[in-house]
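Since the structure comes first, as structure tokens, the remarks are kept for the end.
The values are calculated or read from the model by the stated rules, or taken from the named source; none is laboratory data. Please read all numbers here as calculations on a predicted model, not as lab measurements. Note that we place each Cβ from the backbone using ideal geometry, even for glycine, and neighbour counts take in every protein chain shown.
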Amino acid sequence: MTALTLKLPLALKFTDDKFEQLVAANQDLKLELSSLGELVIMSPTGGETGNRNFDLLGQLWLWNRQNNLGKAFDSSCGFKLPNGATRSPDASWIKQERWDALTPQQRKKYLPLCPDFVVELVSESDDLADTQAKMREYIQNGLRLGWLINPQNKQVEIYRPNQEMEILNSPTSLSGEDVLPGLVLDLANVL
């Protein structure tokens, strides 16, 4: 099953506060809002994907804890992108300076920025084309590095600004490059 996208008439367009209320009232659903005002309802993942994502998050958390260069987030964190979309990547990270620039009130709501780094892990219920479109959306909104990890075909797509997307077949690790210096993600339990 892929994500369900509801096209809403302009009269029903969500304000930030109304969307937050909808999410709060439906905590068992993972909801996103497209830049066109479409409501995206995503199904929960299966056990294998949940375990892969946990491994990924653990490695990002440990690197971030040891280096203290920014803030890392799981898929429960929403980002209000410059184009108006509200997205929740599987894993994400922003530089400390960008976090520090947010007001205490902004930190409590959907973060009004695009992450510096995101990971999207393709699950059995995801549509690959939709996830690739989301990665392009992140790049268009200021993303510095993105990984789309697809365990089904053992591929990783790497997204960087002003560059063609790079495809790696069966990599054993990924480098955080200059965005996440020193991060080497071990893919043994992810791919």
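Taking first residues from region 164-191 that are more than 12 Å from I149 (Cα to Cα) and partners that are of a type in the set (G, A, S) and assigned to a strand (DSSP E or B), the Cβ contacts under 8 Å between residues at least 6 apart in sequence or on separate chains come to L183/S175; V184/S173; V184/S175; D186/S173. Quick one: in region 24-49, which of the residues that are surrounded by 11 or more Cβ atoms within 10 Å (Cβ to Cβ) and over 17 Å from the mean Cα position of the chain (by Cα) is modelled with the highest pLDDT? Checked region 24-49; the qualifying residue modelled with the highest pLDDT is E48.
Candidates are the residues of region 73-108 that are crowded, with 20+ Cβ neighbours inside 10 Å and of a type in the set (A, V, I, L, M, F, W, C); the one that is nearest to E120 (Cα to Cα) is A91.
Identification of strands (runs of 3 or more DSSP E) wholly contained in region 80-159 with 1 or more residues that are in contact (Cβ under 8 Å) with a residue 40 or more places away in the chain yields 91-95, 117-121, 145-150.
Taken over region 166-190, residues that are assigned to a loop (DSSP other than H, G, I, E, B), within 18 Å of P115 (Cα to Cα), in contact with a strand residue (DSSP E or B) (Cβ under 8 Å, 6 or more places away or on another chain) and not acidic (D, E) amount to 4.
Looking across P181, P151, P171, one residue alone is surrounded by fewer than 12 Cβ atoms within 10 Å (Cβ to Cβ), of a type outside the set (K, R) and either at negative phi or touching a helix residue (DSSP H, G or I) at 6+ places or on another chain (Cβ under 7 Å) (or both). It is P181. The residue that is farthest from L187 (Cα to Cα), among those in region 93-135 that are modelled with pLDDT of 95 or more and β-branched (V, I, T), is T103.
Of the listed requirements (1) exposed (fewer than 13 other Cβ atoms within 10 Å of the Cβ); (2) of a type outside the set (G, A, S); (3) at pLDDT 70 or above; (4) more than 25 Å from K109 (Cβ to Cβ), R52 misses just one: (1).
Annotation note: of Y138, Y159, the sole residue that is farther than 22 Å from F14 by Cβ, surrounded by 12 or more Cβ atoms within 10 Å (Cβ to Cβ), modelled with pLDDT of 95 or more and hydroxyl-bearing (S, T, Y) is Y159.
If you filter region 1-23 down to residues that are surrounded by fewer than 12 Cβ atoms within 10 Å (Cβ to Cβ) and part of a loop (DSSP other than H, G, I, E, B), you find that the one that is modelled with the highest pLDDT is T15.
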